[in-house]
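Remarks on the structure that follows.
The values are calculated or read from the model by the stated rules, or taken from the named source; none is laboratory data. Being a predicted model, the structure only gives us computed values, none of them experimental. Virtual Cβ from ideal backbone geometry, glycine too; neighbours counted across all protein chains shown. Remember, those area values only see protein heavy atoms, side chains included, never the ligands or the DNA or RNA. Shrake-Rupley method; radii C 1.70, N 1.55, O 1.52, S 1.80 Å.
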Amino acid sequence: MSRATARAHANIALAKYWGKLDEGQNLPAVPSLSLTLDALVTTTTVEFDGGLAADELSLDGRAAKEKEKKRVVALLDQVRAEARLTARARVTSTNSFPTAAGLASSASGFAALALAATRAAGLDWSRDAVSALSRAASVSAARSLYGGFVVLPAGGKSAEPLAPGSHFPLAMIVALTRAGEKSVGSTEGMIRTAKTSPYYAGWVEHAPRLFERIKRAVLGRDLGVLGPAMESSALAMHASMFAADPPIVYFSPTTLAVMERVRELRGSGIPAYFTMDAGPHVKVVTLPEHAEEVAIRLAECNGVLEVIRCRAGGDASVADAPAGES
Ligand code: DP6
(Lines give C-alpha, C1' and ligand atoms only; values in the text may rest on other atoms or scores of the structure.)
Protein backbone atom coordinates (compact mmCIF):
# COMPACT_ATOMS: atom_id res chain seq x y z
CA MET A 1 0.00 0.00 0.00
CA SER A 2 1.46 3.37 -0.96
CA ARG A 3 0.25 6.75 0.01
CA ALA A 4 1.09 10.42 -0.50
CA THR A 5 -0.43 13.76 0.41
CA ALA A 6 -0.02 16.92 -1.65
CA ARG A 7 -1.11 20.53 -1.28
CA ALA A 8 -1.83 22.91 -4.12
CA HIS A 9 -3.07 26.49 -4.20
CA ALA A 10 -5.86 27.78 -6.39
CA ASN A 11 -4.92 30.20 -9.13
CA ILE A 12 -6.89 33.02 -10.72
CA ALA A 13 -6.20 33.95 -14.32
CA LEU A 14 -5.33 37.59 -15.03
CA ALA A 15 -5.30 36.67 -18.76
CA LYS A 16 -8.10 34.15 -19.22
CA TYR A 17 -8.16 30.71 -20.79
CA TRP A 18 -11.52 30.00 -22.43
CA GLY A 19 -11.79 27.47 -25.26
CA LYS A 20 -9.99 24.33 -26.35
CA LEU A 21 -7.69 23.83 -29.31
CA ASP A 22 -8.25 20.15 -29.10
CA GLU A 23 -11.06 18.67 -27.03
CA GLY A 24 -9.59 15.16 -26.94
CA GLN A 25 -6.22 16.18 -25.58
CA ASN A 26 -7.62 19.14 -23.62
CA LEU A 27 -5.26 21.76 -24.98
CA PRO A 28 -6.03 25.48 -24.50
CA ALA A 29 -6.91 27.60 -27.54
CA VAL A 30 -5.52 30.81 -26.03
CA PRO A 31 -2.56 31.65 -23.78
CA SER A 32 -3.29 32.41 -20.13
CA LEU A 33 -1.46 33.98 -17.21
CA SER A 34 -2.41 33.45 -13.59
CA LEU A 35 -1.57 34.37 -10.02
CA THR A 36 -1.43 31.50 -7.52
CA LEU A 37 -3.14 32.41 -4.23
CA ASP A 38 -1.92 31.63 -0.71
CA ALA A 39 -5.28 31.48 1.09
CA LEU A 40 -7.03 28.98 -1.19
CA VAL A 41 -5.52 25.53 -0.67
CA THR A 42 -6.54 21.98 -1.52
CA THR A 43 -4.96 19.09 0.38
CA THR A 44 -5.33 15.67 -1.22
CA THR A 45 -4.24 12.22 -0.06
CA VAL A 46 -4.04 9.32 -2.50
CA GLU A 47 -3.63 5.80 -1.21
CA PHE A 48 -3.36 2.86 -3.62
CA ASP A 49 -4.84 -0.19 -1.90
CA GLY A 50 -5.01 -3.66 -3.50
CA GLY A 51 -8.02 -4.46 -1.30
CA LEU A 52 -10.30 -1.86 -2.92
CA ALA A 53 -12.81 -2.91 -5.60
CA ALA A 54 -13.10 0.59 -7.07
CA ASP A 55 -11.58 4.06 -6.68
CA GLU A 56 -13.09 5.97 -3.78
CA LEU A 57 -13.29 9.76 -3.60
CA SER A 58 -14.19 11.91 -0.63
CA LEU A 59 -14.54 15.70 -1.10
CA ASP A 60 -14.63 17.87 2.02
CA GLY A 61 -15.80 14.91 4.07
CA ARG A 62 -18.61 13.65 1.79
CA ALA A 63 -18.55 10.86 -0.78
CA ALA A 64 -18.24 12.35 -4.28
CA LYS A 65 -20.98 11.97 -6.88
CA GLU A 66 -20.31 9.70 -9.89
CA LYS A 67 -20.06 12.76 -12.15
CA GLU A 68 -17.32 14.27 -9.95
CA LYS A 69 -15.42 10.97 -9.93
CA LYS A 70 -15.11 10.62 -13.72
CA ARG A 71 -12.12 12.93 -14.32
CA VAL A 72 -10.45 11.75 -11.12
CA VAL A 73 -10.66 8.09 -12.20
CA ALA A 74 -9.35 9.02 -15.68
CA LEU A 75 -6.30 10.71 -14.09
CA LEU A 76 -5.73 7.74 -11.76
CA ASP A 77 -6.01 5.34 -14.75
CA GLN A 78 -3.27 7.28 -16.51
CA VAL A 79 -1.04 7.11 -13.43
CA ARG A 80 -1.71 3.37 -13.03
CA ALA A 81 -0.80 2.75 -16.68
CA GLU A 82 2.49 4.67 -16.31
CA ALA A 83 3.40 2.95 -13.02
CA ARG A 84 2.11 -0.49 -14.08
CA LEU A 85 -0.20 -0.60 -11.08
CA THR A 86 -3.57 -2.28 -10.83
CA ALA A 87 -4.59 -1.27 -7.29
CA ARG A 88 -7.54 1.11 -6.91
CA ALA A 89 -7.12 4.26 -4.87
CA ARG A 90 -8.71 5.95 -1.90
CA VAL A 91 -8.66 9.72 -2.51
CA THR A 92 -9.46 12.24 0.22
CA SER A 93 -9.54 15.90 -0.70
CA THR A 94 -10.27 18.95 1.43
CA ASN A 95 -10.41 22.63 0.51
CA SER A 96 -9.48 25.47 2.85
CA PHE A 97 -12.20 27.55 1.18
CA PRO A 98 -15.88 27.12 0.34
CA THR A 99 -16.20 24.90 -2.75
CA ALA A 100 -18.58 27.45 -4.19
CA ALA A 101 -19.26 28.36 -7.79
CA GLY A 102 -16.27 29.38 -9.88
CA LEU A 103 -13.78 29.45 -7.05
CA ALA A 104 -11.11 27.49 -8.92
CA SER A 105 -11.43 24.42 -6.71
CA SER A 106 -10.89 22.21 -9.76
CA ALA A 107 -7.52 23.88 -10.45
CA SER A 108 -6.06 23.32 -7.00
CA GLY A 109 -7.92 20.00 -6.74
CA PHE A 110 -6.48 18.42 -9.89
CA ALA A 111 -3.01 19.84 -9.24
CA ALA A 112 -2.95 18.31 -5.74
CA LEU A 113 -4.41 15.05 -7.07
CA ALA A 114 -1.84 14.74 -9.88
CA LEU A 115 1.05 15.39 -7.49
CA ALA A 116 -0.23 13.04 -4.77
CA ALA A 117 -1.17 10.25 -7.22
CA THR A 118 2.19 10.24 -9.04
CA ARG A 119 4.08 10.21 -5.73
CA ALA A 120 1.87 7.51 -4.23
CA ALA A 121 2.45 5.40 -7.35
CA GLY A 122 6.22 5.78 -6.97
CA LEU A 123 6.64 7.91 -10.12
CA ASP A 124 9.40 10.47 -9.72
CA TRP A 125 8.06 12.91 -12.29
CA SER A 126 9.25 16.44 -12.94
CA ARG A 127 6.94 19.33 -12.03
CA ASP A 128 6.48 19.90 -15.77
CA ALA A 129 5.23 16.33 -16.30
CA VAL A 130 2.84 16.61 -13.32
CA SER A 131 1.57 19.93 -14.73
CA ALA A 132 0.83 18.18 -18.05
CA LEU A 133 -1.01 15.37 -16.25
CA SER A 134 -3.22 17.83 -14.36
CA ARG A 135 -3.80 19.87 -17.55
CA ALA A 136 -5.25 16.78 -19.22
CA ALA A 137 -7.85 16.66 -16.41
CA SER A 138 -8.53 20.42 -16.23
CA VAL A 139 -6.53 23.02 -18.16
CA SER A 140 -6.34 25.65 -15.42
CA ALA A 141 -4.97 23.01 -12.99
CA ALA A 142 -1.68 22.95 -14.94
CA ARG A 143 -0.95 26.45 -13.57
CA SER A 144 -1.48 25.45 -9.91
CA LEU A 145 1.74 23.39 -9.86
CA TYR A 146 3.67 26.66 -9.63
CA GLY A 147 3.54 29.57 -7.24
CA GLY A 148 3.44 33.25 -8.18
CA PHE A 149 2.79 34.32 -11.78
CA VAL A 150 2.35 31.41 -14.18
CA VAL A 151 1.91 31.14 -17.95
CA LEU A 152 0.18 28.45 -20.00
CA PRO A 153 0.81 29.01 -23.72
CA ALA A 154 -1.86 28.38 -26.39
CA GLY A 155 -1.71 24.69 -27.25
CA GLY A 156 0.65 24.21 -24.27
CA LYS A 157 0.85 20.80 -22.61
CA SER A 158 2.13 22.23 -19.33
CA ALA A 159 2.43 25.55 -17.53
CA GLU A 160 5.62 27.56 -17.00
CA PRO A 161 6.52 29.77 -14.04
CA LEU A 162 6.88 33.41 -15.13
CA ALA A 163 7.93 35.17 -11.91
CA PRO A 164 7.63 34.56 -8.16
CA GLY A 165 4.93 36.50 -6.31
CA SER A 166 7.66 38.61 -4.66
CA HIS A 167 8.57 40.03 -8.10
CA PHE A 168 5.39 42.15 -8.07
CA PRO A 169 3.62 41.98 -4.69
CA LEU A 170 -0.13 42.16 -5.25
CA ALA A 171 -3.15 41.45 -3.09
CA MET A 172 -6.26 39.74 -4.41
CA ILE A 173 -9.55 40.05 -2.56
CA VAL A 174 -12.12 37.40 -3.46
CA ALA A 175 -15.71 38.59 -2.97
CA LEU A 176 -18.10 35.64 -2.69
CA THR A 177 -21.48 36.62 -4.03
CA ARG A 178 -23.46 33.39 -3.88
CA ALA A 179 -23.30 30.01 -2.17
CA GLY A 180 -23.89 26.74 -4.02
CA GLU A 181 -22.99 25.07 -7.29
CA LYS A 182 -22.71 26.92 -10.57
CA SER A 183 -25.34 26.25 -13.22
CA VAL A 184 -23.03 25.57 -16.18
CA GLY A 185 -19.59 24.02 -15.60
CA SER A 186 -16.60 25.68 -17.28
CA THR A 187 -15.92 22.74 -19.64
CA GLU A 188 -19.52 22.69 -20.87
CA GLY A 189 -19.60 26.50 -21.01
CA MET A 190 -16.54 26.88 -23.18
CA ILE A 191 -17.52 24.07 -25.55
CA ARG A 192 -20.94 25.68 -26.02
CA THR A 193 -19.31 29.08 -26.57
CA ALA A 194 -16.97 27.66 -29.22
CA LYS A 195 -19.81 25.87 -31.01
CA THR A 196 -22.47 28.56 -30.96
CA SER A 197 -21.13 32.04 -30.15
CA PRO A 198 -20.48 34.34 -33.13
CA TYR A 199 -18.01 36.18 -30.87
CA TYR A 200 -15.87 33.14 -30.02
CA ALA A 201 -13.61 33.68 -33.05
CA GLY A 202 -13.13 37.30 -31.97
CA TRP A 203 -12.18 36.19 -28.47
CA VAL A 204 -9.60 33.67 -29.75
CA GLU A 205 -8.13 36.31 -32.03
CA HIS A 206 -7.99 39.05 -29.39
CA ALA A 207 -6.97 37.05 -26.28
CA PRO A 208 -3.27 36.66 -27.26
CA ARG A 209 -2.90 40.46 -27.55
CA LEU A 210 -4.34 40.96 -24.05
CA PHE A 211 -2.11 38.15 -22.78
CA GLU A 212 1.01 39.88 -24.16
CA ARG A 213 0.01 43.19 -22.59
CA ILE A 214 -0.68 41.49 -19.24
CA LYS A 215 2.61 39.58 -19.35
CA ARG A 216 4.60 42.73 -20.06
CA ALA A 217 2.77 44.59 -17.29
CA VAL A 218 3.52 41.83 -14.76
CA LEU A 219 7.19 41.73 -15.77
CA GLY A 220 7.33 45.56 -15.66
CA ARG A 221 5.39 45.71 -12.34
CA ASP A 222 2.87 48.12 -13.86
CA LEU A 223 -0.59 47.86 -12.27
CA GLY A 224 -1.82 50.83 -14.36
CA VAL A 225 -1.38 48.69 -17.50
CA LEU A 226 -2.13 45.30 -15.93
CA GLY A 227 -5.45 46.34 -14.37
CA PRO A 228 -7.33 47.56 -17.47
CA ALA A 229 -5.95 44.69 -19.61
CA MET A 230 -6.98 42.15 -16.97
CA GLU A 231 -10.52 43.59 -16.82
CA SER A 232 -10.67 43.48 -20.65
CA SER A 233 -9.63 39.83 -20.67
CA ALA A 234 -12.43 38.88 -18.25
CA LEU A 235 -15.06 41.03 -19.99
CA ALA A 236 -14.13 39.85 -23.50
CA MET A 237 -14.35 36.24 -22.31
CA HIS A 238 -17.77 36.83 -20.76
CA ALA A 239 -18.93 38.72 -23.88
CA SER A 240 -18.19 35.62 -25.95
CA MET A 241 -20.36 33.61 -23.54
CA PHE A 242 -23.28 36.07 -23.57
CA ALA A 243 -23.62 35.45 -27.30
CA ALA A 244 -23.69 31.64 -26.97
CA ASP A 245 -26.90 29.72 -27.67
CA PRO A 246 -28.35 29.23 -25.11
CA PRO A 247 -26.53 32.19 -23.54
CA ILE A 248 -24.17 31.70 -20.60
CA VAL A 249 -24.48 34.44 -18.01
CA TYR A 250 -22.53 33.96 -14.80
CA PHE A 251 -23.10 37.52 -13.58
CA SER A 252 -25.52 38.17 -10.74
CA PRO A 253 -26.77 41.60 -9.62
CA THR A 254 -24.13 41.46 -6.87
CA THR A 255 -21.39 40.81 -9.46
CA LEU A 256 -22.32 44.09 -11.14
CA ALA A 257 -22.56 45.91 -7.80
CA VAL A 258 -19.03 44.77 -6.87
CA MET A 259 -17.69 45.84 -10.28
CA GLU A 260 -19.26 49.24 -9.70
CA ARG A 261 -17.69 49.43 -6.23
CA VAL A 262 -14.28 48.72 -7.79
CA ARG A 263 -14.79 51.63 -10.20
CA GLU A 264 -15.75 53.86 -7.25
CA LEU A 265 -12.59 52.81 -5.40
CA ARG A 266 -10.56 53.80 -8.46
CA GLY A 267 -12.41 57.10 -8.57
CA SER A 268 -11.23 57.76 -5.02
CA GLY A 269 -7.62 57.10 -6.02
CA ILE A 270 -7.24 53.44 -4.97
CA PRO A 271 -5.81 51.20 -7.72
CA ALA A 272 -8.21 48.23 -7.81
CA TYR A 273 -9.23 46.07 -10.78
CA PHE A 274 -11.66 43.14 -11.09
CA THR A 275 -11.74 39.79 -12.80
CA MET A 276 -14.44 37.06 -12.87
CA ASP A 277 -14.37 33.40 -13.83
CA ALA A 278 -17.09 30.84 -14.56
CA GLY A 279 -19.19 32.01 -11.63
CA PRO A 280 -20.67 35.16 -10.07
CA HIS A 281 -17.80 35.93 -7.68
CA VAL A 282 -15.50 38.87 -8.23
CA LYS A 283 -11.75 38.85 -7.60
CA VAL A 284 -10.15 42.23 -7.09
CA VAL A 285 -6.45 42.97 -7.55
CA THR A 286 -4.85 45.84 -5.68
CA LEU A 287 -1.55 46.82 -4.07
CA PRO A 288 -0.89 45.33 -0.60
CA GLU A 289 -1.11 48.74 1.11
CA HIS A 290 -4.71 49.15 -0.08
CA ALA A 291 -5.80 45.54 0.52
CA GLU A 292 -7.55 46.11 3.85
CA GLU A 293 -9.54 49.10 2.70
CA VAL A 294 -10.55 47.30 -0.51
CA ALA A 295 -11.62 44.22 1.48
CA ILE A 296 -13.77 46.35 3.83
CA ARG A 297 -15.38 48.30 0.98
CA LEU A 298 -16.19 45.10 -0.94
CA ALA A 299 -17.60 43.42 2.17
CA GLU A 300 -20.00 46.38 2.56
CA CYS A 301 -21.53 45.73 -0.88
CA ASN A 302 -25.09 44.45 -0.72
CA GLY A 303 -25.10 40.71 -1.50
CA VAL A 304 -21.44 40.01 -0.74
CA LEU A 305 -21.41 36.98 1.56
CA GLU A 306 -17.74 36.90 2.46
CA VAL A 307 -14.41 38.34 1.39
CA ILE A 308 -11.22 36.27 1.31
CA ARG A 309 -7.93 38.15 1.51
CA CYS A 310 -5.17 36.59 -0.61
CA ARG A 311 -1.55 37.19 -1.53
CA ALA A 312 0.61 35.19 -3.92
CA GLY A 313 0.91 31.52 -2.99
CA GLY A 314 3.78 29.09 -3.54
CA ASP A 315 4.43 25.90 -5.51
CA ALA A 316 2.31 22.79 -5.03
CA SER A 317 4.11 20.48 -2.60
CA VAL A 318 4.18 16.94 -1.30
CA ALA A 319 3.24 16.95 2.36
CA ASP A 320 4.33 13.55 3.61
CA ALA A 321 6.67 10.65 2.93
CA PRO A 322 6.92 9.41 -0.68
CA ALA A 323 5.61 6.02 -1.77
CA GLY A 324 7.05 3.08 0.12
CA GLU A 325 8.29 5.18 3.01
CA SER A 326 4.94 5.73 4.70
C1 DP6 B 1 -12.87 30.90 -16.57
O2 DP6 B 1 -9.74 24.81 -16.44
O3 DP6 B 1 -12.03 24.68 -15.37
O4 DP6 B 1 -11.51 29.87 -14.90
O5 DP6 B 1 -10.10 22.60 -18.89
O6 DP6 B 1 -12.52 22.27 -19.19
O7 DP6 B 1 -11.49 21.79 -16.97
P8 DP6 B 1 -11.43 22.62 -18.23
O9 DP6 B 1 -11.72 24.13 -17.80
P10 DP6 B 1 -11.20 24.97 -16.58
O11 DP6 B 1 -11.51 26.45 -17.10
C12 DP6 B 1 -11.19 27.58 -16.38
C13 DP6 B 1 -11.72 28.78 -17.05
C14 DP6 B 1 -11.61 30.09 -16.30
C15 DP6 B 1 -10.42 30.92 -16.80
C16 DP6 B 1 -9.04 30.48 -16.38
O17 DP6 B 1 -8.87 29.91 -15.27
O18 DP6 B 1 -8.11 30.73 -17.15
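Which percent of the accessible heavy-atom area of the chain goes to carbon and sulfur, probe 1.4 angstrom? It would help to have the intermediate numbers written out before the result.
Working: 6740 of 13030 Å².
Exposed carbon and sulfur together represent 52 percent of the surface.
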Check: For the range 12-26, list residues with backbone N below 17 Å from a point placed 7 Å from the Cα of ALA239 toward its Cβ?
Finding: 15-19
Checklist line | Highest-fluctuation residue, ARG62, ARG143, ARG71 considered, GNM on the chain with Cα pairs under 10 Å | finding: ARG62
Margin query: With just the Cα atoms defining each centre, how far is the range 28-99 from the range 202-240? Give it in Å.
Written below: 31 Å
Next item on the list: Taking only protein heavy atoms into account and a 1.4 Å probe, give the accessible area per residue of the range 3-166 in Å².
Entry: 36 Å²
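Tally Lys/Arg at +1 and Asp/Glu at -1 over every other residue whose Cβ is under 13 Å from the Cβ of LEU123; what's the total? Working shown, then result.
Numbers: positive: ARG80, ARG84, ARG119, ARG127; negative: GLU82, ASP124.
Here the count lands on +2.
Let's see if you can work this out: charge +1 on each Lys and Arg Cβ, -1 on each Asp and Glu Cβ, no other charges. What is the dipole magnitude of the range 3-166 about its Cα centre, in debye to the nearest 20? Display every interim value, and only then the final one.
Details: 19 positive and 15 negative charges, 29 e Å.
The dipole magnitude comes to about 140 debye.
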Next item on the list: Multiply the residue separation of GLU306 and GLU205 by 0.36 nm, subtract the distance between their alpha-carbon atoms, and state the gained length in nm to one decimal.
Entry: 32.8 nm
Notebook entry, point to check: Nearest 10 degrees, 0 to 90: what angle lies between the long axis of helix 253-267 and the longest principal axis of the chain (Cα atoms)?
Noted result: 60 degrees
Item checked: 0 to 90° range, to nearest 10: angle between helix 105-120 axis and the chain longest Cα axis -> 30 degrees
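Taking only the alpha-carbon atoms of the chain, what semi-axes of the equivalent ellipsoid follow from 5 times the gyration tensor eigenvalues under a square root, in whole Å, largest first? Intermediate values should be presented prior to the final figure.
Details: eigenvalues 209, 86, 72 Å².
Semi-axes from the Cα gyration tensor: 32, 21, 19 Å.
Once you have a ≥ b ≥ c as the square roots of the Cα gyration tensor eigenvalues for the range 167-310, tell me rounded if a/c is under 1.5, and otherwise prolate or oblate according to whether a/b is larger than b/c. Please list the in-between numbers first.
Numbers: a/c = 2.27, a/b = 1.27, b/c = 1.79.
The shape class here is oblate.
With a ≥ b ≥ c the root eigenvalues of the C-alpha gyration tensor of the range 9-156, is it rounded (a/c under 1.5), prolate (a/b larger than b/c) or oblate? Walk me through the intermediate numbers first.
Values: a/c = 1.78, a/b = 1.39, b/c = 1.28.
In terms of gyration-tensor shape, prolate.
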Next item on the list: At 7 Å along the Cα-to-beta-carbon direction for both GLU188 and ASP60, put a label point, then send me their distance in nm to one decimal.
Entry: 1.9 nm
Note to self: Helix 223-242 against the longest principal axis of the chain: what's the angle in degrees, Cα atoms only, rounded to the nearest 10?
What the structure shows: 70 degrees
Next item on the list: Classify the range 183-234 as rounded, prolate or oblate from the Cα gyration tensor: take a ≥ b ≥ c as the square roots of its eigenvalues, call it rounded if a/c is under 1.5, otherwise prolate when a/b beats b/c and oblate if not.
Entry: prolate
